[in-house]
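Peer 1: Encoded as structure tokens, here's the structure I'll be asking about.
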Amino acid sequence: MRSYGQYCPVSKGAELIGDRWTLLIVRELLYGPLGFNQIERGLPGISRSVLSERLRRLRRHRIVQQGQDGYSFTPAGEELRPVVQAIGDWVSRWILEDPAPAELDPNLLMVWISRHIRREALSTRRVVIEFRFTDLASRGAWLVMDRNDVSVCLQYPGFPVDLVVTSTTRALYRVYMGRTTLEEASQRGEVKLDGPSAIVRAFPRWMAWSNFSNTMRSRLRLVPSRL
């Protein structure tokens, strides 16, 4: 870690969480406690050695702790929650546009979606949703959900499918991030829901989408031409 050589809280903060991957590790731990492999899954492209080094540094500075359930925030780390939200809201309000092709990762999108399920809205029985990405040959994913757990499966999980969501990766990213709504995407034929009518009606209630989607929707209501 290189020092800016400045006695300033902003420069010290940049030294600690401003280098490559560290802030994204903090973002992952918003959903902790997480095991090492779970953190790695949310950070495609990071090497295991870099992840290990960054976690050691965060532990050394008492931002992250390691327990039986995995890595989680200390009280100091918990105070980073509104900081990460503020950064994401600022970028959503002023910077973020549609995803570039290189940013369209369906596996990562499924991890993110799985973290934003309103479990209290689920029925008492298990629900299985299949996602079919029409822009990727033979690419699909499944969410297996109940009130106690939500799992992402990249292979057929062996349970009956209750609902099929068909979309391009780009269209589902736009819904997730608040660039458009599920209703609008469905009306345009960009996202299609196939299943029993009760499940189709319930699906929007289950999906909380991104923590930054409300900020994005507010921005687009003010400047609709940015769609």
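Nothing in this text is a laboratory measurement; each read-out follows from the coordinates by a stated rule. Owing to the predicted nature of the structure, the values given are computational and were not obtained by experimental measurement. Cβ sites come from the backbone with ideal geometry, for glycine too, and all protein chains shown count toward neighbours.
Peer 1: Compute from the Cα atoms of the stretch 9-79 the Rg and the Dmax, the latter being the longest Cα-Cα distance, and quote both in angstrom.
Peer 2: Taking only Cα atoms of the stretch 9-79, I get Rg and Dmax of 11.3, 34 Å.
Peer 1: Next question, about the same structure. Once you have a ≥ b ≥ c as the square roots of the Cα gyration tensor eigenvalues for the stretch 94-138, tell me rounded if a/c is under 1.5, and otherwise prolate or oblate according to whether a/b is larger than b/c.
Peer 2: oblate
Peer 1: Name the long-range amide H neighbours of Thr180: under 5 Å, sequence gap of 5 or more, or other chain; modelled H, no Pro or chain starts.
Peer 2: Placed amide hydrogens put Val175 under 5 Å from Thr180.
Peer 1: Ordered by residue, what ³J(HN,Hα) values in Hz, to whole numbers, does the stretch 3-12 give under the Karplus form 6.51 cos²θ - 1.76 cosθ + 1.60, where θ = phi - 60° and Gly and Pro are x?
Peer 2: Result, ordered by residue: 9, 7, x, 10, 8, 8, x, 5, 5, 5 Hz.
Peer 1: Given contacts defined as C-alpha pairs under 8 Å and at least six residues apart, what's the relative contact order of the chain, whole-number percent?
Peer 2: 16 percent
Peer 1: Distance from the Cα centre of the stretch 142-213 to that of the stretch 10-38, in angstrom?
Peer 2: 28 Å
Peer 1: Place the peptides 94-104, 78-88, 18-28 in order of packing, highest mean first, counting for every residue the other Cβ atoms within 10 Å and averaging per peptide.
Peer 2: Per-residue mean Cβ counts within 10 Å order the peptides as 18-28, 78-88, 94-104.
Peer 1: In addition: For a test of the definition: using alpha carbon positions, the gyration tensor, and the 1.5 limit on a/c, classify the chain as rounded, prolate or oblate. It would help to have the intermediate numbers written out before the result.
Peer 2: On the way: a/c = 2.08, a/b = 1.49, b/c = 1.39.
It comes out prolate by the Cα gyration axes.
Peer 1: Something else now. Return the long-range amide H neighbours of Val64 (sequence gap of 5 or more, or a different chain), with a cut-off of under 5 Å between placed amide H atoms.
Peer 2: Amide H to amide H, under 5 Å and 5 or more residues apart or across chains, Val64 pairs with Arg59, Thr74.
Peer 1: Using only DSSP helix segments of four residues or longer, with each worth -39500 (n - 2.57), what per-residue ellipticity at 222 nm results for the chain after dividing by its residue count and rounding to 500?
Peer 2: It lands at -12000 deg cm²/dmol.
Peer 1: Next question, about the same structure. Just need the relative contact order of the stretch 162-227 here, percent rounded to a whole number, with Cα pairs under 8 Å and 6+ apart.
Peer 2: In percent, rounded to a whole number, it is 41.
Peer 1: Please state, to two decimals, what the Cα-based radius of gyration of the stretch 101-226 comes to when divided by 2.2 N^0.38 Å (N = residues).
Peer 2: Normalised Cα radius of gyration, the stretch 101-226: 1.03.
Peer 1: Once you have a ≥ b ≥ c as the square roots of the Cα gyration tensor eigenvalues for the stretch 44-142, tell me rounded if a/c is under 1.5, and otherwise prolate or oblate according to whether a/b is larger than b/c.
Peer 2: Since a/c reaches 1.5 and a/b is larger than b/c, the shape of the stretch 44-142 is classed as prolate.
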